[in-house]
Amino acid sequence: MPFLGQDWRSPGWRWVKTEDGWKRCEPFSPALDRNNQLNDISHTVIITGDDEDEEIYSTEDCEFAAKKRKKDHFRNNTDSQCFYREKWIYVHKESTRERHGYCTLGEAFNRLDFSSAIQDIRRFNYVVKLLQLIAKSQLTSLSGAAQKNYFNILDKIVRKVMEDQYNPRLIKDLLQDLSSTLCILIRGVGKSVLVGNINIWICRLETVLLWQQQLKNLQMNKQVNNGLTLSDLPLHMLNNILYRFSDGWDIITLGQVTPTLYMLSEDRQLWKKLCQYHFAEKQFCRHLILSEKGHIDWKLMYFALQKYYPIKEQYGDTLHFCRHCSILFWKDTGHPCTASDPNTCLMPVSPQHFIDLFKF
């Protein structure tokens, strides 16, 4: 039966173990070229000192020494990591004749390269939301390698926020959920499946608490710009910007910049549109809030409804799933689709849907 894949007669891929788990080395990888120097050992090595201390090592001893040296090299050198050229993963939930085993959440982390995705402003919120959902419910299902990858990505996110000061509120919510989950897991050790030593998890909790303190002390740098600023725009353009926001907290934050923006951010019609976008009319009737003048307070309604119902999520870029190939991938990187019309097979994947794909 023909199938897409590497020729079974080939020697197979070369794999190396890194801190983020096993990664496949490409033949053209610079890291592989550096490590090939470890194999440049002759079949017989003679170490000469004094005549009586002369030792002759066989070929097997040389191979063992080379493997050990290579293992220590990759363990100590964190920069020598080989990443996947393809940014997609085949999602299979059962074994077949052609494929054996299952896809795991940790494997998807490595293949989809979330470490690079957080550098893209379109994908940043998507990855953060995904990490937050994992912190709430799927943290114990991660393997040891996936745990390392998870906290490495989280470390890069915190560093990015500290340097760029981009959306610290989103990261604070993520760390709050993560610290709460870690406290429960550490207190209930033995009652739940917790991969790894308890001391490692205590150390990770201390790191999360340190990150929270750093974000709490974060001071926003004042931008010095002598050109055109946001306050110089006409009122109708400022109002149009506010109507583009899908998060109520973003509207409130922008309203604190200038008195004009504050006036526009308190517009009842603005909050009414926001409520109508996220919630249904039946939900309005269950949680109706009136102002002193007898009008509906749409601003309070929004935050009241947010406690009971989920809001619609918006992301600049999301993962996509091909129903024809069962492949998960970033849309701009593409995947080797065999469908006649690939665009009809694509389906955007929300963070929650991503986690559901790897629940077995």
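The values are calculated or read from the model by the stated rules, or taken from the named source; none is laboratory data. Keep in mind the model is a prediction, meaning the values are calculated, not measured. A quick note on method: Cβ atoms are made from the backbone with ideal geometry, for glycine too, and the neighbour counts reach across all protein chains shown. In case anyone asks, the SASA skips ligands and DNA or RNA and just uses the protein heavy atoms, side chains included. Shrake-Rupley method; radii C 1.70, N 1.55, O 1.52, S 1.80 Å.
Scanning the stretch 334-345 finds no residues that are assigned to a strand (DSSP E or B) and more than 24 Å from the chain's Cα centre (by Cα). Please go through the stretch 133-142 and pick out each residue that is part of a helix (DSSP H, G or I) and open to solvent by less than 20 Å² (accessible area, probe 1.4 Å). Listed by number, the residues that qualify are Ile134, Ala135, Leu139. Determine if the stretch 231-246 includes at least one residue that is part of a helix (DSSP H, G or I), of a type in the set (Val, Ile, Thr) and over 26 Å from the mean Cα position of the chain (by Cα). For the stretch 231-246, residues part of a helix (DSSP H, G or I), of a type in the set (Val, Ile, Thr) and over 26 Å from the mean Cα position of the chain (by Cα): present. Selection of the stretch 174-189 for residues being modelled with pLDDT of 90 or more and surrounded by 14 or more Cβ atoms within 10 Å (Cβ to Cβ) yields Leu174, Leu175, Gln176, Asp177, Leu178, Ser179.
So that you can scan it fast, the table gives a plain yes or no per residue for (1) more than 21 Å from Leu170 (Cα to Cα); (2) open to solvent by less than 40 Å² (accessible area, probe 1.4 Å); (3) not aliphatic (A, V, I, L, M):
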position: Phe245; (1), (2), (3): no, no, yes
position: Thr253; (1), (2), (3): no, no, yes
position: Leu261; (1), (2), (3): yes, yes, no
position: Glu266; (1), (2), (3): yes, no, yes
position: Tyr308; (1), (2), (3): no, no, yes
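Do you know which residues across the stretch 268-302 are within 28 Å of Arg122 (Cα to Cα) and either open to solvent by less than 40 Å² (accessible area, probe 1.4 Å) or among the acidic types (Asp, Glu) (or both)? Leu270, Trp271, Leu274, Cys275, His278, Phe279, Tyr302, listed by residue number.
Somewhere in the stretch 115-128, is a residue in contact with a helix residue (DSSP H, G or I) (Cβ under 6 Å, 6 or more places away or on another chain) and open to solvent by 30 Å² or more (accessible area, probe 1.4 Å)? Among the residues of the stretch 115-128, not one is in contact with a helix residue (DSSP H, G or I) (Cβ under 6 Å, 6 or more places away or on another chain) and open to solvent by 30 Å² or more (accessible area, probe 1.4 Å), which makes the answer no. Contact map, the stretch 247-275: residues that are β-branched (Val, Ile, Thr) paired with residues that are open to solvent by 60 Å² or more (accessible area, probe 1.4 Å) and in a loop (DSSP other than H, G, I, E, B), Cβ distance under 9 Å, separation 6+ or inter-chain. Pairs shown: Ile251/Phe245. Reported count of residues in the stretch 318-351, each being open to solvent by less than 40 Å² (accessible area, probe 1.4 Å) and at pLDDT 85 or above, is 13.
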